[in-house]
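What follows is calculated from the coordinates using simple rules that are stated; it is not laboratory data. Quick caveat: nothing in here was measured; it's all calculated off a predicted structure. Neighbour counts run over all protein chains shown; Cβ positions are idealised from the backbone, glycine included.
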Amino acid sequence: MSGSKVMDFSKLDGLIPAVVQDETSNEVLMVGFMNDEAWALTQRTGYVTFFSRTRNKLWIKGETSGNRLAVRQMFVDCDDDTVLIKVAREGDGNVCHTGERSCFYRVIDKPKGLSPQVARNFSSANEETK
């Protein structure tokens, strides 16, 4: 991680979305929120730290399970209000609290309201992942 980017924490009550992606497979593993303290701790420790909106406190991903997320790269979006974090998964590699590898393991086959072209592309993408 080169340098320390100043993020814009003014838009979501002091929080920014943090998208976590596997550094090797590029699979999206989870999305969490960071406040300025979680942002600073993530950069200082090299492990992803979030702010829990329900518990109103900081938490290091994997602090109890051992499935920590070691930061490899961080990308800031064009508005400085969202971060993409590429990680190496530690422990058994399962990131979701359900025990799944990713929090995005449930597939919606064909959402209603999609145009035929989009629905066809969506179905094709789902077939490729099975």
(message) Here is a check on your reading of the model: is Asp109 charged (D, E, K, R) and surrounded by 12 or more Cβ atoms within 10 Å (Cβ to Cβ)?
(response) no
(request) State all residues of the range 71-89 that are surrounded by 15 or more Cβ atoms within 10 Å (Cβ to Cβ) and closer than 16 Å to Asp22 by Cα; if no residue qualifies, say none. (result) Val71, Arg72, Met74, Val83, Leu84, Ile85, Lys86, Val87, Arg89
(request) Using the structure shown, decide if Asp36 is in contact (Cβ under 8 Å) with a residue 24 or more places away in the chain and more than 17 Å from the chain's Cα centre (by Cα). (result) no
(message) If I ask for residues that are among the hydroxyl-bearing types (Ser, Thr, Tyr) and part of a strand (DSSP E or B), which ones from the range 25-68 would you list?
(response) Tyr47, Thr49, Ser52
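Which of the following residues is at negative phi, under 11 Å from the mean Cα position of the chain (by Cα) and in a loop (DSSP other than H, G, I, E, B): Val95, Val19?
Details: Val19 fails: in a loop (DSSP other than H, G, I, E, B).
So the residue among Val95, Val19 that is at negative phi, under 11 Å from the mean Cα position of the chain (by Cα) and in a loop (DSSP other than H, G, I, E, B) is Val95.
Does Met7 qualify as being buried (at least 16 other Cβ atoms within 10 Å of the Cβ), in contact with a strand residue (DSSP E or B) (Cβ under 6 Å, 6 or more places away or on another chain) and in a loop (DSSP other than H, G, I, E, B)?
Judged against the criteria, Met7 is a match.
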(request) Scan the range 59-70 for residues that are under 16 Å from Phe33 (Cα atoms) and surrounded by fewer than 16 Cβ atoms within 10 Å (Cβ to Cβ) and report the count. (result) 1
(request) Give the residue that is surrounded by the fewest Cβ atoms within 10 Å (Cβ to Cβ), with candidates limited to residues of the range 43-58 that are polar (S, T, N, Q) and within 16 Å of Gly14 (Cα to Cα). (result) Thr54
